[in-house]
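Please treat every number below as a calculation from the coordinates, not as lab data. Computed from a prediction, not measured in an experiment: that's the story for all the values here. Note: ideal-geometry Cβ built from the backbone for every residue, glycine included; neighbour counts use all protein chains shown.
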Ligand code: NI
């Protein structure tokens with residue numbers, strides 16, 4: 001396993017469409033392990049393959065609900081509700097902004113064994129699924145931010161005071 005370098009905003013690779021994964025290979029298994037390790041190292045709750053420079057439709061998520069999710073070739077098939085909240089991205093270091101996302105989503109994806117499954121998420125998990133799936137199509141949360149991007153440290157301080 002290895003920590004991979006995270007690409008940051010301005011890097012063209014973050015704006016490209018990712019290719020579907022056709023079959024699992026040892027190389028792709030290594031990539032998935034490295035993505036988890038890199039995400040934990042950076043204290044993220046999700047990471048998409050293009051963020052480590054690989055244009056494949058692979059997402060990893062851990063919102064600390066006791067599960068590690070691997071989403072390969074994910075498709076969001078249902079959404080419900082909407083909620084506005086602060087969101088950040090390891091590819092946009094030190095920043096945060098308000099984004100409106102569904103409160104509940106259902107996503108259909110392959111797992112690391114290339115078995116099709118469905119995952120339903122609410123709240124933070126729903127937000128993470130939407131955010132990470134968008135990365136696979138070259139979309140960043142900054143495209144959706146309502147108002148200005150803000151300094152993540154400042155927003156955290158304000159929220160702690162409330
Ligand atoms: Ni992100």
Pairs of Cα atoms under 8 Å, at least six residues apart: use those to get the relative contact order of the chain, whole percent.
-> 24 percent
Quick one: if you take sqrt(5λ) for each eigenvalue of the C-alpha gyration tensor of region 48-162, what semi-axes come out, biggest first, whole angstrom?
-> 25, 16, 13
Residues 103, 96, sorted so that the one with the fewest Cβ neighbours within 10 Å comes first = 103, 96
Helix 123-135 vs. the chain, principal-axis angle (Cα, 0 to 90°, nearest 10) | 60 degrees
Of 116-128, 47-59, ordering from highest average Cβ density within 10 Å down gives 47-59, 116-128
Helix-derived [θ] at 222 nm for the chain: sum -39500 (n - 2.57) over DSSP H runs of at least 4, divide by residue count, nearest 500?
-> -7500 deg cm²/dmol
So what does the Cα-only Debye profile of region 41-89 read at q = 0.22, 0.25 Å⁻¹, as log10 I(q)/I(0), no solvent term?
-> -1.06, -1.18
Nearest 10, in degrees from 0 to 90: the angle of helix 152-161 to the longest Cα principal axis of the chain is 60 degrees
In nm, the gap between the two label points placed 7 Å beyond Cα toward Cβ at residue 139 and residue 158 is 2.6 nm
Isotropically averaged projected area of region 26-110, using the convex hull of Cα atoms (one quarter of hull area), nm² | 6.1 nm²
